[in-house]
Amino acid sequence: MRRNKKIRYLEGDGYWLLKGSRLRLSDGPHGIRKETPEGTLQATCFPTASALACSWDEKLVELVGESLATECIASDVDVLLGPGVNLQRHPACGRNFEYFGEDPLLSGKMAAAYIRGVQSKNVAATLKHFALNSQETDRFLSESVVDERALRELYLVPFEIAVRESSPWAVMTAYNRFEGRNAGENKRLLDILRYEWKYDGCVVSDWGSVENRVLGLEAGMDLEMPGGSSPSTGELRKAYKQGRLDEELIDRALANIKKLEDRAGGAKRSSRLGHYRVAVDVARECMVLLKNDDDLLPLSPTESVLLAGAIDEAQIQGLGSSKVEPLVTNTPLRQWRDSQYPYLLEKPDHASVCLYFASLPPDAEGYDRLSLELSLEDKVAIDCLKNAGHAIALIVQTGAPIALGDVRADAVLLMNYAGEGAYEALQSIIYGTHSPSGRLCATWTERRTDIASDPYFPSQDLQAQYRESIYVGYRYHATFGKSVAFPFGYGLTYGEFRYEKIDAELVSGNVFLTVRVTNTGQRKAKEVVQAYVSFPDSSLLRPFYELKAWAKVELEAQESCDVELKIPRDRLKTYTAQGEKIIESGVYHFLSGPNARDLPLIASVELSDRRDGDRVIDVPEDLTVERLRERHLLFAGLAESENIPDIYKTMDRPVTQEEFEQLLGRKVPKPIAPQGVHAPLYAIRRPLRSLFLKIALKRADSMPGDRDMNRHAVLSMPLRALARLSDGILSPGLLKLIVFLSLRGPYRVKKKRKSKGRKRV
């Protein structure tokens with residue numbers, strides 16, 4: 001094949017196709033969003049990733065992946081753009097509903113299961129967004145600044161687990177920058193993927209993310225999407241002609257694209273599109289009972305309930321590129337109308353219990369949430385109902401934690417974004433057909449200010465500084481003894497479980513825990529047995545404890561069982577500040593219980609540099625979690641004390657930039673002022689701005705999904721991205737003319753003012 005022809009195949013054929021290939025791509029990840037000339041194809045809307053993570057059930061997630069693959073085949077889709085595994089660094093991130101929570105192990109395991117399910121039917125899964133894409137504010141322009149320990153121990157771990165355990169056939173790069181380079185053009189990130197983790201699949205850009213195609217190809221990005229409306233092909237040809245581009249790199253990228261084509265093929269045709277029953281069964285496992293005073297739930301099937309709040313709205317998913325057109329559209333009101341359960345909309349005196357559906361702004365791609373609280377209208381309504389003598393069961397539909405504060409609810413049930421089967425599944429929980437079994441995948445705090453990353457979220461001046469370092473979620477609250485509303489891993493059932501004893505055993509260097517639990521309640525129920533590891537004598541900066549294993553079991557009333565948990569030795573390793581992966585010698589304590597705040601059982605193992613020196617040791621009778629925390633804070637970062645500011649041993653106030661730089665071991669780089677085609681649309685000077693605003697907004701209004709969200713997304717795009725996504729309307733030549741006439745220098749970052757509300761366009 002001639003060189004010029006080769007280069008043509010390194011970008012897509014429009015939005016969803018590859019040049020010279022039958023492969024078709026589709027947005028995901030919780031359902032297929034395939035665009036057709038007639039509109040968006042209908043498909044099953046499954047629970048979102050944040051909901052799936054609350055199931056703590058890998059087999060269930062794998063089943064979702066298999067069902068999605070079946071629908072892909074029926075819809076002539078070969079590559080599904082999911083799952084997303086970026087950590088929920090802060091609950092306000094608008095895209096949290098697409099991610100699996102705040103813990104890297106849980107996120108990685110859920111993603112690996114999802115990928116195995118999808119690819120079991122020869123449909124390609126796409127792991128995204130690689131990496132450090134933990135906010136939506138200025139997502140095209142912002143640079144993520146993070147220390148090596150947090151990078152390695154938190155933000156890369158979910159990707160590594162998914163790559164090593166399930167080998168996704170495609171990996172998508174992120175919009176954000178890292179160490180001065182766009183993520184898709186960052187050789188350091190892609191070298192970790194390719195050479196450290198031995199990834200052999202296709203690396204694809206996020207849509208419109210490419211800044212420098214030559215650098216991207218050199219770094220290891222194979223395929224640019226979408227295609228057909230950028231100067232990328234010309235840039236590659238010019239670089240090759242001038243001797244700046246090795247043909248071997250072109251051949252390597254083509255080989256990876258061809259490998260994707262070969263893998264995502266040969267699937268048996270299927271006509272099955274709907275998976276409503278699967279969606280219902282999965283949704284049921286994802287719901288989390290957070291509060292249940294006086295055993296308000298479950299309700300009697302014959303008891304009339306008052307339905308209030310957002311009962312005529314289907315809050316089953318977030319907004320953005322992942323939004324699915326569901327096959328089944330339902331609402332709480334419609335669900336109760338079509339069922340045998342009695343309900344009231346008026347005459348509230350005739351019902352003692354009110355099911356109140358909270359109305360929350362939808363989580364959405366493109367911008368971050370401004371508030372974590374219920375609306376004032378909801379709070380007032382709940383107070384009025386409570387004052388009238390009603391017991392309140394609050395139903396929360398959201399993709400990330402919120403701050404309930406002093407909301408006067410007797411019971412709180414987190415539905416999550418549970419997909420099209422949400423409301424039927426909800427009824428089975430409300431009326432006790434099934435016991436709730438979901439557990440939180442992220443910590444719920446009392447207030448937004450209780451979140452370690454809050455002072456630095458979202459980014460300021462186009463720079464996201466991860467000053468909280470490793471103290472994300474429960475790692476912060478557990479280390480420093482901070483109170484929370486509902487801890488990571490928390491959830492109630494209609495049963496009661498007692499943790500009785502724990503035993504540890506060493507086999508081939510791996511730690512095996514046996515935890516005995518008993519369902520002391522009167523109903524069959526499920527429990528998620530969790531195990532965390534604590535190494536209080538560490539000489540390195542690390543959290544007090546971290547999740548290392550779990551198992552979900554179902555027990556009849558009064559039944560006991562021994563739950564076995566395997567913790568591979570490699571899972572106990574940590575990183576130095578220089579990025580070296582090591583295992584420290586000393587005594588490791590394994591804590592087990594129902595959630596990150598309640599860990600009654602302790603087992604101890606002494607590990608050495610060599611496996612033959614490992615041994616199980618006795619646990620002193622007076623050893624408690626609090627005593628372990630005191631010891632941890634005493635020794636934390638002892639060997640690295642010269643490089644670690646004292647603030648990271650107390651975290652009793654926000655971290656200053658000087659302290660953050662000391663942790664980084666370097667100066668924080670100055671924010672990059674976008675220039676030319678990399679400047680955002682709103683940087684265009686008048687009068688051209690008015691003209692292009694009309695063009696851009698017209699384009700936004702024609703896009704599927706929420707109108708305001710689409711407008712916001714388009715207006716914040718850099719010109720290069722807008723050109724890529726304009727279907728040829730904004731040609732490379734026209735783009736150069738705009739830059740020449742209207743952008744006479746770099747776009748200057750202005751200090752943002754905190755606003756009380758989101759500005760709509």
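What follows is calculated from the coordinates using simple rules that are stated; it is not laboratory data. Here the structure is a predicted model, which means the values were calculated and not measured. Please note: Cβ atoms are built from the backbone with ideal geometry, for glycine as well, and neighbour counts cover all protein chains shown.
Note on ARG611/ALA639: beta-carbon distance plugged into 1/(1 + (r/R0)^6) with R0 of 30 Å gives a FRET efficiency of 0.80. Comparing Cα centroids, the range 210-231 and the range 378-448 end up 45 angstrom apart.
One way to sum up the overall shape of the range 566-623 is the equivalent ellipsoid from its Cα gyration tensor, whose semi-axes run 23, 16, 10 Å, largest first. In a reduced charge model with +1 at each Lys and Arg Cβ and -1 at each Asp and Glu Cβ, the chain shows a dipole moment near 3940 debye about its Cα centre. Site pair LYS258 and ASP461 shows an inter-label distance of 4.9 nm when each label is modelled 7 Å from Cα along Cα→Cβ. With a Förster radius of 22 Å applied to the beta-carbon distance between GLU554 and THR514, the computed FRET efficiency rounds to 0.75. Helices in the chain that qualify as membrane-span-like (whole DSSP H runs, Cα extent of at least 18 Å along the helix axis, mean Kyte-Doolittle hydropathy of 0.5 or higher) are 58-74. Put simply, when 61-68, 562-569 are sorted by average Cβ atoms within 10 angstrom per residue, most first, you get 61-68, 562-569.
Spatially, the range 358-374 and the range 324-357 are offset by 23 Å when compared through their Cα centroids. Remark on GLY82: its backbone amide H falls under 5 Å from those of THR126, a criterion applied only to residues 5 or more positions apart or on other chains, H modelled at 1.01 Å from N. Were the residues from GLU621 through ARG22 laid out at 0.36 nm apart, the gain over their Cα-Cα distance would be 209.1 nm.
Could you order the peptides 42-51, 386-395, 538-547, 368-377 from most to least packed, using the average number of other C-beta atoms within 10 Å per residue?
Details: 42-51: 29.2, 386-395: 18.2, 538-547: 22.0, 368-377: 16.5.
Ranking the peptides 42-51, 386-395, 538-547, 368-377 by packing returns 42-51, 538-547, 386-395, 368-377.
In percent, what relative contact order does the range 315-464 have, based on Cα pairs under 8 Å that are 6 or more apart in sequence?
26 percent.
The residue among GLY637, GLN119, LEU555 whose Cα reaches farthest toward the positive pole of the charge dipole of the chain, with charges on the beta-carbon of Lys, Arg, Asp and Glu, is GLN119. Dipole magnitude for the range 456-609: about 360 debye, using +1 per Lys or Arg Cβ and -1 per Asp or Glu Cβ, origin at the Cα centre. Computed from point charges on the beta carbon alone (+1 for Lys and Arg, -1 for Asp and Glu), the dipole magnitude for the range 282-444 about its Cα centre is near 160 Debye. If I take every Cα pair under 8 Å that is 6 or more residues apart in the chain, average their sequence separation and divide by the length, what percent do I get for the relative contact order? In percent, rounded to a whole number, it is 14. Of the residues ALA69, VAL85, THR44, the one whose Cα sits farthest toward the positive end of the charge dipole of the range 35-122, with +1 on the Cβ of Lys and Arg and -1 on the Cβ of Asp and Glu, is VAL85.
Indicate, rounded to the nearest 5 percent, the antiparallel portion of the DSSP beta bridges found entirely in the chain.
That works out to approximately 60 percent antiparallel.
Where the alpha-carbon atoms of the range 488-664 are placed on the principal axes, they occupy 57, 41, 29 Å, in descending order. As a calculated quantity, the FRET efficiency between ASP338 and LEU376 at R0 = 35 Å, using C-beta atoms, amounts to about 0.60. Across the range 183-281, the relative contact order, built from alpha-carbon pairs under 8 Å that are at least six residues apart, equals 27 percent.
Could you check the simple spin-label distance between ARG523 and GLU496, using points 7 Å along Cα→Cβ, in nm with one decimal? In this crude label model, ARG523 to GLU496 measures out at 1.4 nm.
Just subtract the alpha-carbon distance of SER359 and LEU737 from 0.36 nm times their residue separation and send over the number in nm, one decimal.
The span from SER359 to LEU737 would gain 131.5 nm if fully extended.
Taken along the Cα-to-beta-carbon direction at a fixed 7 Å, the label points for LEU296 and CYS561 span 3.1 nm. The peptide list 618-627, 662-671, 432-441, put in order of mean Cβ contacts within 10 Å with the highest first, becomes 432-441, 662-671, 618-627.
What is the gain in length, in nm to one decimal, between GLN242 and ASP646 on full extension, counting 0.36 nm per residue of separation less the C-alpha to C-alpha distance?
Gain in length upon complete extension: 140.2 nm.
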